[in-house]
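Inspection log for the structure reproduced underneath, given as structure tokens.
The values are calculated or read from the model by the stated rules, or taken from the named source; none is laboratory data. Here the structure is a predicted model, which is why all the values come from computation and not from measurement. Every residue, glycine among them, receives a Cβ derived from its backbone with ideal geometry; neighbour counts consider all protein chains shown.
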Amino acid sequence: MSPATPPPPPSSAAAAPFPGDGPALRDRAVAAAVADGLVSAADPVAGLLDVTGIRRSAAELRAAFAEFAAPGTPVLHAFAVKAASLVPVLRLLAAEGLGCEVASPGELALARAAGVPPARTVLDSPAKTPAELREALALGIAVNADNPGELARLDGLAASAPTASPLGLRVNPQLGGGSIGAMSTATGTSKFGVALRDEGARDWVVRAFLDRPWLTRLHAHVGSQGMPLDLMAGGVRTLYELAEEINEKAGRTQVTTLDIGGGLPVNFASDETAPTYRAYARLLHAAVPGLFGGRYGLVTEFGRSLLAKHGTVLARVEYAKSAGGRRIAVTHAGAQVATRTVFAPDSWPLRVAAYDAQGRPKTGAPVAQDVAGPCCFAGDLVAVDRPLPPLEPGDHVALLDTGAYYFSTHFAYNSLLRPGVHGYAAGPDGAPRWATVRAPQRMAELVAESGGAHADALTQL
Ligand SMILES: *Cc1c(COP(=O)(O)O)cnc(C)c1O
């Protein structure tokens, strides 16, 4: 690029090139993480984040909705903070034009620490306290009420002080579940939102809006991972039709904004990103033609699909052993960083890549082996009977596609130290440069968090 050519804006709708990210850079990052001591005998496991990849996914999300939405349609992409509750990640996404969807006071604190403005923050959670609601309304962040009881609390708060907060109601379209029960939020009995198909519920919702002129949003999130796309689109269609009905009965555009949730599934089987945001936006455009017509502002709440493919857990192999004829690699990555995979392996299989002691991709004829973690229970396995080049002590394993809900959501079992998280991007020479996202927890911090300052508390009682 000549110096006279201005660089493209970071999130231009045109498919901006993001050279250098992806699997090739991941391999270089693994080798650099070992060479630079980010993973070592002292710190035997760490999370690595591909910053360029995160930027690219954010740009693809924005471009996908910009392509189908009528010009001028307000669109807020609010990242579901629970998917990667790390302040620098939230700041990076904010720089790419995204906001935050928060579901607890802690997540709100993280979004605020990242500098995400209230106008780009959305609060959803099934158990908001009065204090939480008051804070949200004072800040002016959007709130989606979950149920009639919460709406009654909002009645009181809205009457007592004016607020800039856009207020909405979450509904459950009750369309059915996906392949993972715990992730399915639109079954007949899911715990979230007003169950729209229950007897009298739809009329109740319409009445609730007509009685409350300040209620202007409808929200649905039909599930996370394992949801068929047509079921997701069906949820959005239900939301749209409900908004049309309310607005018709109100005789005005009372519902101005549809919050369609997140939940785009992630492909954990290869490096391919599928489905893409563009494919989903195209499907929504076909299934709910009015959605993008410009009469409604849109909010999305994607989490996993923005981050998963851009994170890697890198861990040392401590021992190689065998039991009953099965080879077992005992590594430092187990349930503490891959909780769902260990406890629900059929729902959450992960790819494991093998690297040697220098962090170079390991070669050699694959041998079936278990990849075990460091936790003291027999089921602490991230892969079972997996064909991999024979792993030896000092080698490394990488758990791929773990940028969302894995190392950012550490499980404190066995008092294993919370690993560091490091962001990388290719420098001018192509070599990865590092930034600390979260420092590795140190032993003194762990002791302090475990009541270390109160050692005598119980014996003195
Ligand atoms: C978890 C959640 C999301 C994000 O789901 P992903 O599958 O990570 O995209 C969005 N909205 C709500 C209300 C959620 O609970």
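Out of the stretch 206-229, which residues are crowded, with 19+ Cβ neighbours inside 10 Å and either within 30 Å of Phe268 (Cβ to Cβ) or within 16 Å of the ligand (Cβ to nearest atom) (or both)? Hits for the stretch 206-229 are Arg217, Leu218, His219, Ala220, His221, Val222, Gly223, Ser224, Gln225, Met227.
At negative phi, in contact with a Lys or Arg (Cβ under 6 Å, 6 or more places away or on another chain) and either of a type outside the set (Asp, Glu) or outside any strand (DSSP E or B) (or both): is that true of Ala398 in this structure? Criteria not met by Ala398.
Selection of first residues in the stretch 364-388 that are assigned by TED's automatic domain parsing to the domain that holds Ala344 and of second residues that are acidic (Asp, Glu) and in a loop (DSSP other than H, G, I, E, B), restricted to Cβ pairs under 7 Å at least 6 apart or on distinct chains, gives the following pairs, ordered by first then second residue: Ala372/Asp380; Gly373/Asp380. Among the candidates Ala66, Ala46, Ala35, Ala24, the residue that is outside the structural domain of Met443 (by TED's automatic domain parsing), more than 16 Å from the chain's Cα centre (by Cα) and modelled with pLDDT under 95 is uniquely Ala24. Listed by first and then second residue, the pairs linking a residue in the stretch 207-229 that is in the same structural domain as Gly251 (by TED's automatic domain parsing) and in contact (Cβ under 8 Å) with a residue 40 or more places away in the chain to a residue that is assigned to a loop (DSSP other than H, G, I, E, B) and among the polar types (S, T, N, Q), with Cβ atoms under 7 Å apart and 6 or more places separating them unless they lie on different chains, are Phe209/Gln254; Pro213/Gln254; Thr216/Gln254; Thr216/Thr256; His221/Thr185; Val222/Thr185; Gly223/Thr185; Gly226/Ser179. Residue check: is Leu284 touching a residue at least 12 places away in the same chain (Cβ under 8 Å) and either outside the structural domain of Asp155 (by TED's automatic domain parsing) or within 16 Å of the ligand (Cβ to nearest atom) (or both)? When the stated conditions are applied, Leu284 passes them.
Being in a helix (DSSP H, G or I), assigned by TED's automatic domain parsing to the domain that holds Ala78 and modelled with pLDDT under 95 holds for only one residue in Ala131, Ala159, Ala136, and it is Ala159.
So, Leu314, is that one surrounded by 23 or more Cβ atoms within 10 Å (Cβ to Cβ) and not polar (S, T, N, Q) or not?
Spelling it out, Leu314 is indeed surrounded by 23 or more Cβ atoms within 10 Å (Cβ to Cβ) and not polar (S, T, N, Q).
The residue pairs whose first member lies in the stretch 294-310 and is within 14 Å of the ligand (Cβ to nearest atom), whose second member is assigned to a helix (DSSP H, G or I), and whose beta carbons are closer than 6 Å, counting only pairs six or more residues apart or on different chains, are Gly303/Ala83; Arg304/Ala83; Leu306/Ser57; Leu307/Ala83; His310/Gly53; His310/Ile54. Going residue by residue through the stretch 343-352, is there one that turns out to be in a loop (DSSP other than H, G, I, E, B) and within 18 Å of Tyr319 (Cα to Cα)? Checked the stretch 343-352: no residue is in a loop (DSSP other than H, G, I, E, B) and within 18 Å of Tyr319 (Cα to Cα). Annotation: of all residues in the stretch 83-126 being without any contact (Cβ under 8 Å) to a residue 24 or more places away in the chain and in a loop (DSSP other than H, G, I, E, B), the one that is surrounded by the most Cβ atoms within 10 Å (Cβ to Cβ) is Ser125. Among the residues of the stretch 170-205, those that are away from the ligand (no atom under 13 Å from the Cβ) and under 20 Å from Arg217 (Cα atoms) comprise Pro173, Gln174, Val194, Ala195, Leu196, Arg197, Ala201, Arg202, Asp203, Trp204, Val205.
Need the failing condition index for Asn144 against (1) within 13 Å of the ligand (Cβ to nearest atom); (2) at pLDDT below 95; (3) surrounded by 16 or more Cβ atoms within 10 Å (Cβ to Cβ); (4) not in a loop (DSSP other than H, G, I, E, B), just the number. Just one mismatch for Asn144, condition (2).
Please verify whether the stretch 114-126 includes one or more residues that are within 13 Å of the ligand (Cβ to nearest atom), in the same structural domain as Ala286 (by TED's automatic domain parsing) and at pLDDT below 95. So far as the stretch 114-126 goes, yes, one or more of its residues are within 13 Å of the ligand (Cβ to nearest atom), in the same structural domain as Ala286 (by TED's automatic domain parsing) and at pLDDT below 95.
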